[in-house]
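Chemist: Pasting a structure here, questions to come.
The values are calculated or read from the model by the stated rules, or taken from the named source; none is laboratory data. Everything quoted here is computed from the prediction, not taken from an experiment. Backbone-built Cβ (ideal geometry, glycine too); neighbour counts: all protein chains shown.
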Amino acid sequence: MDLVIRTEKISKIYKMGSEVIHALQSITIDIKKGEYVAFMGPSGSGKSTLMNIVGCLDTSTSGTYILNNHDVSDLTENQLAEIRNKEIGFVFQTFNLLPRATSLENVALPLIYAGIGKSVREDRAMQTLASVGLDDRASHKPNELSGGQRQRVAIARALVNNPSIILADEPTGNLDSKTSYDIMDLFKKLHDMGNTIIMVTHEDDIAHYAHRIVKLRDGLVESDQRNKNIRHTITSTSF
């Protein structure tokens with residue numbers, strides 16, 4: 001299997017006045033194509049910092065980050081933005097949908113940045129909405145959707161560019177238990193279809209949907225293990 005991600009001894013240091021904070025300390029992680037990985041840890045463990053670096057939202061202070069065989073450690077902001085749009089599909093806890101845009105328009109947004117023509121991007125956005133069971137909500141705006149539906153729109157937006165990685169940051173954090181199970185059902189199906197998924201969570205039960213769990217503490221990898229007790233959802237939601 002091909003490596004999608006390799007971090008080699010990456011560190012991140014923040015300076016706040018006279019205080020120096022070592023958010024990450026010499027993190028080395030390999031993630032293969034098609035893996036389903038959870039980054040776990042308490043607040044301040046470094047998991048969000050690691051997610052930001054893996055997602056090309058930030059760069060490390062030292063070390064090397066290889067994404068799809070390309071060293072992205074020292075890219076400019078514009079280069080990082082291009083990589084993000086092409087290689088990474090983001091799913092956020094707060095959905096991050098444009099409130100005045102329809103579901104279809106929200107899903108098509110990454111394709112606008114990619115320079116794809118209107119008819120092609122609308123067709124692809126509609127197909128992607130259908131893949132998450134929301135083609136009948138294409139003309140609805142976020143305030144006309146439930147929390148679970150909004151997260152499905154966000155997942156469709158993450159998928160529309162066929163990214164190398166789906167990066168999910170606390171994807172069930174704003175959802176009730178049943179809706180959380182529905183969303184984790186959807187992530188399972190996406191993984192079964194061959195997608196590489198990296199999920200950041202502090203919730204143990206959500207982390208156990210992943211096949212591998214990386215636990216961080218104080219900016220260090222505390223453990224990196226295969227999940228022997230993979231949790232399967234009990235819903236029968238189809239899409």
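Chemist: With the requirement that a residue be surrounded by fewer than 16 Cβ atoms within 10 Å (Cβ to Cβ) and more than 19 Å from Ile27 (Cβ to Cβ), what does segment 71-84 give you?
Modeler: Thr76, Glu77, Asn78, Gln79, Ala81, Glu82
Chemist: Consider segment 79-110. How many of its residues are in a helix (DSSP H, G or I), without any contact (Cβ under 8 Å) to a residue 60 or more places away in the chain and either among the polar types (S, T, N, Q) or under 23 Å from Asn143 (Cα atoms) (or both)?
Modeler: Total meeting the criteria: 9.
Chemist: If you check Glu35 against the conditions, is it without any contact (Cβ under 8 Å) to a residue 40 or more places away in the chain and either surrounded by fewer than 17 Cβ atoms within 10 Å (Cβ to Cβ) or of a type outside the set (Val, Ile, Thr) (or both)?
Modeler: Against the criterion (without any contact (Cβ under 8 Å) to a residue 40 or more places away in the chain and either surrounded by fewer than 17 Cβ atoms within 10 Å (Cβ to Cβ) or of a type outside the set (Val, Ile, Thr) (or both)), Glu35 does not qualify.
Chemist: For Ile183, are the conditions met, namely being surrounded by fewer than 23 Cβ atoms within 10 Å (Cβ to Cβ) and aliphatic (A, V, I, L, M)?
Modeler: When the stated conditions are applied, Ile183 does not pass them.
Chemist: While we're looking at this one, here's another question. Considering only segment 1-27, how many residues are assigned to a strand (DSSP E or B), among the acidic types (Asp, Glu) and at pLDDT below 95?
Modeler: Going through segment 1-27 one residue at a time, the tally reaches 1.
Chemist: Then there is this: Among the residues of segment 206-215, are any farther than 17 Å from Thr128 by Cα, among the basic types (Lys, Arg), surrounded by 13 or more Cβ atoms within 10 Å (Cβ to Cβ) and at pLDDT 90 or above?
Modeler: Yes, some residue in segment 206-215 is farther than 17 Å from Thr128 by Cα, among the basic types (Lys, Arg), surrounded by 13 or more Cβ atoms within 10 Å (Cβ to Cβ) and at pLDDT 90 or above.
Chemist: When only residues in segment 48-63 that are of a type in the set (A, V, I, L, M, F, W, C) and assigned to a helix (DSSP H, G or I) count, which is nearest to Thr76 (Cα to Cα)?
Modeler: It comes out as Ile53.
Chemist: Go through (1) part of a strand (DSSP E or B); (2) crowded, with 19+ Cβ neighbours inside 10 Å; (3) of a type outside the set (A, V, I, L, M, F, W, C) one by one and return the number of the condition Ser45 breaks.
Modeler: Exception for Ser45: condition (1).
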